[in-house]
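A.B. asks: Before we start, here is the structure in question, set down as structure tokens.
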Amino acid sequence: MKKSIAFSTLCLSLVTALMPALAQGSDTKSEIKTEVQSENSCKTGGHKRCDRKRGEHKKGAKLEALNLSEAQKTKMTELKTSLKASIKPKREELKTHRKALGELLSSDKIDKGAVQSEQDKINALSNDLANSMLAFRIDFNENLTADQRKQLKEMRASWGEKKHGRGHHQRNS
């Protein structure tokens with residue numbers, strides 16, 4: 001009885017997955033594979049809502065609306081490069097400390113002092129990262145004119161409206 005239920009569930013799942021490809025009259029494996037691939041998420045290289053693959057999106061498209069001067073573009077690029085260089089080692093160190101904390105918490109005997117010490121290191125690194133990001137935002141905004149800051153504020157307000165308060169990967173329903 002259990003085998004027949006499992007088998008019927010498997011068959012139903014396969015039929016459901018292949019229905020869109022079969023409904024279009026495709027009978028080759030490559031067409032079915034393409035249909036399934038188009039349903040992939042951003043992380044695996046495809047999007048449901050656009051035809052672009054991962055990495056093909058226009059970088060800085062939102063900032064083009066600000067009509068930055070060449071000097072501003074150069075300064076923004078320098079700021080971003082500097083930020084990336086400063087936070088990369090901190091993120092790696094944070095990852096290491098989080099892993100160490102997990103190991104301490106899963107050991108046979110928990111050393112409260114060591115756990116608290118690791119957590120203090122994690123908190124300090126998190127604060128450093130937050131301060132670095134804040135410094136970047138301050139420097140970024142200082143390089144904009146008053147009109148550009150106003151325009152950026154309006155753009156940011158409209159970004160949330162498009163998603164109706166939901167995150168990038170959440171459904172509309």
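The values are calculated or read from the model by the stated rules, or taken from the named source; none is laboratory data. All values reported here derive from a predicted model rather than from experimental measurement. Backbone-built Cβ (ideal geometry, glycine too); neighbour counts: all protein chains shown.
A.B. asks: Report the residue count in region 100-132 for those that are under 26 Å from the mean Cα position of the chain (by Cα) and not acidic (Asp, Glu).
C.D. replies: Here the count works out to 15.
A.B. asks: Given the condition in contact with a helix residue (DSSP H, G or I) (Cβ under 7 Å, 6 or more places away or on another chain), in a helix (DSSP H, G or I) and more than 24 Å from Ala135 (Cα to Cα), answer yes or no: does some residue in region 104-113 qualify?
C.D. replies: Scanning region 104-113 turns up at least one residue that is in contact with a helix residue (DSSP H, G or I) (Cβ under 7 Å, 6 or more places away or on another chain), in a helix (DSSP H, G or I) and more than 24 Å from Ala135 (Cα to Cα).
A.B. asks: Looking at the structure I just gave you, is Gly160 in a helix (DSSP H, G or I), under 18 Å from Lys62 (Cβ atoms) and at pLDDT below 95?
C.D. replies: yes
A.B. asks: Hey, can you tell me all the residues within region 133-150 that are loosely packed, with under 15 Cβ neighbours inside 10 Å and under 24 Å from the mean Cα position of the chain (by Cα)?
C.D. replies: Met133, Leu134, Ala135, Arg137, Ile138, Asn141, listed by residue number.
A.B. asks: Also, quick follow-up: Might you check whether a residue that is surrounded by 15 or more Cβ atoms within 10 Å (Cβ to Cβ) and under 30 Å from Gln72 (Cβ atoms) occurs anywhere in region 119-128?
C.D. replies: Yes, some residue in region 119-128 is surrounded by 15 or more Cβ atoms within 10 Å (Cβ to Cβ) and under 30 Å from Gln72 (Cβ atoms).
A.B. asks: Looking at region 45-81, which of the residues that are under 17 Å from Leu144 (Cβ atoms) and outside any helix (DSSP H, G or I) is modelled with the lowest pLDDT?
C.D. replies: It comes out as Gly60.
A.B. asks: Can you confirm whether Thr96 is within 26 Å of Glu70 (Cβ to Cβ), among the β-branched types (Val, Ile, Thr) and surrounded by 12 or more Cβ atoms within 10 Å (Cβ to Cβ)?
C.D. replies: Taking the combined requirement at face value, the residue does not satisfy it.
A.B. asks: Then there's this: Return yes or no: is Lys121 among the basic types (Lys, Arg) and within 30 Å of Glu70 (Cα to Cα)?
C.D. replies: Here the answer is no, as Lys121 does not meet what is asked.
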